[in-house]
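Participant: Dropping a structure here in structure tokens format, bear with me for questions.
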Amino acid sequence: MAVKLITNIPGPNSIALLERREKSVAKGHGSVCDIYIQKAESALLTDVDGNVFIDFAGGIGSMNVGHRHPEVMAAIEKQLQKYIHTCFTVVPYESYVKLAEKLSNKAPINSACKAAFFNSGAEAVENAVKISKTYTRREGVLVFTDAFHGRTLMTMTMTYKEDPYKKGFGPFAPQVHRLPFPSEDHNLTFEDIDFDPKSIACAVIEPVIGEGGFIPATKDGMMALSNFCKDNGIVLVDDEVQTGFGRTGTLFAIEQFDIEPDLITVAKSVAGGFPLSGVIGKADIMDSVNTGGIGGTYGGNPVSCAAALAVLEIMEKEHIPTRARHIGQQTSIIVQAVMADCPWIKEVRGIGAMIGIVIIDPYSGEPDKLRTGRIHQYALQHGLIMITAGTYGNVIRTLMPLIIDDHTLAEGLNILLDALKKA
Ligand SMILES: Cc1ncc(COP(=O)(O)O)c(C=O)c1O
């Protein structure tokens, strides 16, 4: 299959929007692509100049069931005919309760669970910390290197990468302690810790690091963390904002680690592109907060809840986690096959369809952010939207919709391979 250059990227309509944007949109809110979207369907995006792209970014992992999935569309259209907002804090509705029931049943936790819903991933993590603090009556938070948990004061403090997420935003929240993330490169030990474990309310961990570079945790490391938490009365929070909803080959990635978290945070793909996030977890922990202590005007919006209920059905009906394993295998096999010809590819890693391709300078072995950027740009110019990740910006990550058909997947991978070889 020949990979073709799209000549007008960005096209005139995108350029006109770019010019308007420069005058009116704050610079701090950047965009990976310089094309503007017109329409999205399944795993394809069409820009305002009529160029069609294969989407390997999925709104940063929010579109696991694809753009405008017919069942998500039907669910939200039905909801739109009834009401779109009452605020659950003022007049509650069944879909919030139903979603809490369903997610509590699906959470890989062997005791009664409850849930609470918010808008963004950061809000979910922030609330998981609040709930852990009231439950334990402690103030400390334990996080890990390369972590990303959001952009609010608490979650930005918990995030590892300085530039751009923390640059100029200090002072940060107090009592946030950090240990090396338990990966193939680091065993997790608690021998030299410089904090009192009994001061820690919660440990928050991504089972596969997302923004920080698609680094899977080791089973041993997760087990060590789980034991440390149990021994010291620390709430274990599993941040599944990016890993959840089938991406890694199971509904929640933590199912593959033989441990049980106390709380799980979800967002992104939970509602098929609608803003929704949540904390699901052990009922006694969830119930430790006084009424009114958590919530918010839009948290658990009815249209988002309707979308999320449809997503849960699609997950089962279309075997999305199984599909993720297939997509991940295809991606790894194809990239591994070109590694011998591309000494700048250090490693292909990940679980399920959460695959990271690590790019280095073949001479120095150092992370190569510039080449990674060229690969990204080459792919875009040839019709593939991808995003990068990593503390050093040198990881190409795959977050394609998991409903992508085999033909489109093969076409996208073909462009990716060409980009990896030529850029
Ligand atoms: C693991 C993880 N936690 C939290 C967040 C923050 O989510 P949001 O951008 O919706 O606030 C992200 C976003 O990428 C994430 O990957």
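The values are calculated or read from the model by the stated rules, or taken from the named source; none is laboratory data. Computed from a prediction, not measured in an experiment: that's the story for all the values here. Heads up, the Cβs are rebuilt from the backbone with ideal geometry, glycines too, and the neighbour counts pull from every protein chain shown. Only protein heavy atoms, including side chains, enter the accessible area calculation; ligands, DNA and RNA are left aside. Shrake-Rupley method; radii C 1.70, N 1.55, O 1.52, S 1.80 Å.
Participant: Are any residues in region 252-303 among the small types (G, A, S), within 30 Å of S42 (Cβ to Cβ), touching a strand residue (DSSP E or B) at 6+ places or on another chain (Cβ under 8 Å) and open to solvent by less than 40 Å² (accessible area, probe 1.4 Å), and if so, which ones?
Facilitator: Of region 252-303, the ones among the small types (G, A, S) are 253, 267, 269, 271-273, 277-278, 281, 283, 288, 292-293, 295-296, 299-300.
Subsequent filtering for residues that are within 30 Å of S42 (Cβ to Cβ) retains 253, 267, 269, 271-273, 277-278, 299-300.
Then drop every residue that is not touching a strand residue (DSSP E or B) at 6+ places or on another chain (Cβ under 8 Å), which leaves 253, 267, 273, 277-278, 299-300.
Hits for region 252-303 are A253, A267, S277, G278, G299, G300.
Listed here are the residues, each with its yes/no results for (1) more than 24 Å from the chain's Cα centre (by Cα); (2) closer than 30 Å to F252 by Cβ; (3) of a type outside the set (S, T, Y); (4) crowded, with 22+ Cβ neighbours inside 10 Å.
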| residue | (1), (2), (3), (4) |
| --- | --- |
| W344 | yes, no, yes, no |
| G352 | no, yes, yes, yes |
| S364 | yes, no, no, no |
| A389 | no, yes, yes, yes |
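Participant: Out of everything in region 143-180 that is away from the ligand (no atom under 14 Å from the Cβ) and closer than 17 Å to N127 by Cβ, what residue ends up being surrounded by the most Cβ atoms within 10 Å (Cβ to Cβ)?
Facilitator: Top of the filtered list is V176.
Participant: Right, here's the next one. Can we say A122 is under 15 Å from the mean Cα position of the chain (by Cα), under 17 Å from I254 (Cβ atoms), within 14 Å of the ligand (Cβ to nearest atom) and buried (at least 17 other Cβ atoms within 10 Å of the Cβ)? Steps first, answer last, please.
Facilitator: Numbers: under 15 Å from the mean Cα position of the chain (by Cα): yes; under 17 Å from I254 (Cβ atoms): no; within 14 Å of the ligand (Cβ to nearest atom): yes; buried (at least 17 other Cβ atoms within 10 Å of the Cβ): yes.
For A122, the condition - under 15 Å from the mean Cα position of the chain (by Cα), under 17 Å from I254 (Cβ atoms), within 14 Å of the ligand (Cβ to nearest atom) and buried (at least 17 other Cβ atoms within 10 Å of the Cβ) - is not met.
Participant: With the structure loaded, tell me whether G365 is on the phi > 0 side of the Ramachandran plot, among the small types (G, A, S) and without any contact (Cβ under 8 Å) to a residue 60 or more places away in the chain or whether it fails that test. Show your work before the answer.
Facilitator: On the way: on the phi > 0 side of the Ramachandran plot: yes; among the small types (G, A, S): yes; without any contact (Cβ under 8 Å) to a residue 60 or more places away in the chain: yes.
So G365 passes the test.
Participant: Hey, among L380, L402, L370, which residue is under 27 Å from T248 (Cβ atoms), part of a helix (DSSP H, G or I) and in the same structural domain as D341 (by TED's automatic domain parsing)?
Facilitator: Step by step, each of L380, L402, L370 is checked, and only L380 is under 27 Å from T248 (Cβ atoms), part of a helix (DSSP H, G or I) and in the same structural domain as D341 (by TED's automatic domain parsing).
Participant: Answer yes or no as to whether E77 is over 29 Å from P302 (Cβ atoms) and exposed (fewer than 15 other Cβ atoms within 10 Å of the Cβ).
Facilitator: no
Participant: Something else: Within region 274-364, which strands (runs of 3 or more DSSP E) (wholly inside it) include 1 or more residues that are hydroxyl-bearing (S, T, Y)?
Facilitator: In region 274-364, 277-282 are the strands (runs of 3 or more DSSP E) which contain 1 or more residues that are hydroxyl-bearing (S, T, Y).
Participant: So if I check each of I200, I205, I234, which one is β-branched (V, I, T) and either surrounded by fewer than 22 Cβ atoms within 10 Å (Cβ to Cβ) or within 23 Å of G352 (Cβ to Cβ) (or both)? Reasoning before the result, please.
Facilitator: Numbers: I200 fails: either surrounded by fewer than 22 Cβ atoms within 10 Å (Cβ to Cβ) or within 23 Å of G352 (Cβ to Cβ) (or both); I234 fails: either surrounded by fewer than 22 Cβ atoms within 10 Å (Cβ to Cβ) or within 23 Å of G352 (Cβ to Cβ) (or both).
Going through I200, I205, I234 in turn, the sole match is I205.
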